[in-house]
Every structure is written in structure tokens, then in C-alpha cells.
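A short write-up of the structure that comes next.
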Amino acid sequence: MRTPLALLAAALAATGLAALPASAQASKAPITYYVSVGDSYSVGYQPGLGATTGYAGYVAKKTHLTLANFGCGGATTTSIIDTVGCPDVLPDTAGGHVYPRTTQAAAADAFITAHRGHIGLITVSIGGNDVTACAAQANPIPCVGTAVTSIDKNVTALATGLRAAAGPKVPIIGLTYPDVILGSYVYPAQAVTPARTALASESVVAFKSLINPALVKAYASAHGSFVDVTAATGGYTPLTKTVTVAPYGTIPQAVARVCALTWYCQVGNIHATNAGYTLIGKLVAARYATLRRG
């Protein structure tokens, strides 16, 4: 006669569980994903380094979510919806996904739909490339105003699609950027001119009054949250408030902050440094924790 213990062992063997070590059984647990969508900021691009862990890698580590990164360098709010494939694939992107036969938005939506119920977080970093060229205009504000019309329309469509794919409860966090154009106050290393100080001042207006309000509205339309990276990196600090920083001397505090967190003041590159991406990652992780508690 078989004992109850023997019967239990036989039942486990029949299911295959008895042959699996505890670690293998644990690996059967469902994966919860963090989906990153957007431009080169979303893949942590840095000049001379290519893709780095960036803010998405930081967030994935802090939230214990598995990163699925669809970001594409150079993406705009139009190309993310309309362009098939990514013309600037960065092969070392952490958690990178490629989509040679569809658009970034469609690829992300399809992934989220396929893993519905197992998506823990979605972040979006898009819109910067829509306005970058405006800095070269003699009067950049009208240029930004025109670009914001597209940003509003396209980001609303993008966020709405992500929400439909993810369902009502998944946190969607939209991001903006450090105001790197403030760095034109010191880059290139020439005497500060009225034109350069004017451009710095206009960049504050562009972010505070045009770009970021449009992004807030677009993400809110899909019940998403918004992290104002511009504010968190000191972009709204009055330019009359100064500090002395080597090698630039006495400069606006807002400019010094951008110099510390991005590559703009050193090499004229708009991307964040490790310190900048880490700060953005902390902002996202903190917002995610707040949304989870709510």
C-alpha cells in the first residue's frame, strides 16, 4: 500500500514539478514589463558612447521590471507614428526591440497588447527633435509655436494608442527635457553676446509656455502623468541668479545646471550625461512609486 507521502510524490512527478528545482519553478512566474518609447533620450544616447543604460535602465533596476525599449535616435512626434523601422538603431540598447516592418508606435502597441496584464510601466520621451532646429532661427518662438501644433496632435495620438493597448490602470509617464539651449550662453567658448543671452531667455519661454504645456495636455488626454524634467533640472530659475563655476566663470545658475547634466556646454551635444540620465531616472521612479500608491 502506498503511503500518502508516496502518493504526493507521484502526483508531483506527473505534473513535472518534482523534477524542477525551486529556481526553475520560480522562473515560471509571469514577467512584468517596463516599456520605453521615444527618441535618443529614451535609449540613453551619449556622444562617443552610443546607447547607455540611460534613465530607462535606472528605472528598470529600481522598479524590478523587465525593460522592453523601442526608442529610436532622431525620432520626432511624426516619425514615431509614420516611419517604418528605425533608421538609427543603436545595437547596445538595453532591452532593445527592433521593428523593421512597422512603426515604433505600432510595434510598442503590439507588444503591449500581446502582454496585456503584464505591463507595469510605460514611459515616453518624444518631442525634442521637433523643435531642435528652431534654435537656429532668427526668431525661434514662432518656429516653436508651429512645431507645438504637431507635438500636441501627434503625442495625443501616441498616448491614446498606448492607453488603448495597455488598459486603464498601467502608469504612462511622459517626459520632457533639460533646456539644453541654455548652454548656448557658454557654448561655443566665445564672448557672451546679446544674441546668445537672448536665445537662452527665449528657450525658457519656449519650454515653460509652449512645449511643456502641450505635452502636459497630450499625456493627460490618455490619463497619463507628466514629469517636468525642465523644471527639475533648474530650467526655470531666473537667469539673473548667478553662480561662479569653472571654467565658465560667473554664469546663470540655470546654465550651470545644464552644463552639469548634459553634454551641451562641453561639445554642443543636446544629450544628457550619466548624471543627467540618473536624475531623470530618479524622477520617473519617484513618480511611478507615487502612482502605485495612488
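The values are calculated or read from the model by the stated rules, or taken from the named source; none is laboratory data. Computed from a prediction, not measured in an experiment: that's the story for all the values here. Cβ coordinates were reconstructed from backbone atoms using ideal geometry, including for glycine residues, and neighbour counts include every protein chain displayed. For the accessible areas, the whole protein counts, side chains as well, though only heavy atoms, and no ligand, DNA or RNA atoms are used. Shrake-Rupley method; radii C 1.70, N 1.55, O 1.52, S 1.80 Å.
In the context of the full set of protein chains, residues of the chain present 47 Å² of accessible surface per residue (probe radius 1.4 Å, heavy atoms only).
Express the relative contact order of the chain as a whole percentage, based on alpha carbon pairs under 8 Å and six or more residues apart in sequence.
Details: 515 pairs, mean separation 51.8, N = 294.
In percent, rounded to a whole number, it is 18.
Return the percentage of antiparallel bridges among DSSP beta bridges fully within the chain, rounded to the nearest 5 %.
30
Only the Cβ atoms of Lys and Arg (+1) and of Asp and Glu (-1) were treated as charged; on that basis the dipole of the chain about its Cα centre amounts to roughly 1000 debye. With everything on Cα atoms, drop me the angle between helix 104-114 and the longest principal axis of the chain, reported from 0 to 90° to the nearest 10. Approximately 20 degrees, to the nearest 10. Computed from the C-beta positions of residue 267 and residue 149, the FRET efficiency with R₀ = 30 Å rounds to 0.40. Considering only 214, 195, 157, the mean-square fluctuation computed in a Gaussian network model of the chain, springs between alpha carbons under 10 angstrom, is largest for 195. Applying 0.36 nm per residue to the separation of residue 116 and residue 138 and subtracting their alpha-carbon distance, the gain on full extension is 3.2 nm. Any chance you could check the Cα centroid distance between the stretch 198-272 and the stretch 34-84 for me, in angstrom? If you average the Cα positions of each part, the centres end up 20 Å apart. Inter-label distance, residue 220 to residue 282: 2.8 nm, where each label sits 7 Å from its Cα along the C-beta direction. What a 1.4 Å probe finds exposed on the stretch 64-144 is 55% carbon and sulfur by accessible area, rounded to a whole percent. Cut-off 10 angstrom, C-alpha nodes, Gaussian network model of the chain. Which of 170, 124, 192 fluctuates the most? Fluctuation is largest for 192. Taking 7 Å steps out from each Cα toward its Cβ at residue 66 and residue 291 produces label points 2.0 nm apart. In this structure, the residue pairs whose Cα-Cα separation is over 22 Å, taken from 208/241; 169/208; 169/217, are 169/208. Between the labelled values (1) 29; (2) 39; (3) 34, the entry that holds percent of Cα pairs over 29 Å apart as derived from this structure is (2). Across the stretch 127-252, Cα-Cα distances exceeding 27 Å account for 27% of all pairs.
Charges were assigned to the Cβ only: +1 to each Lys and Arg, -1 to each Asp and Glu. The resulting dipole of the stretch 154-264 about its Cα centre is roughly 200 debye.
I'd like the antiparallel share, as a percent to the nearest 5, of DSSP beta bridges with both residues in the stretch 22-153.
Values: 2 of 13 bridges.
If we restrict to bridges inside the stretch 22-153, about 15 percent are antiparallel.
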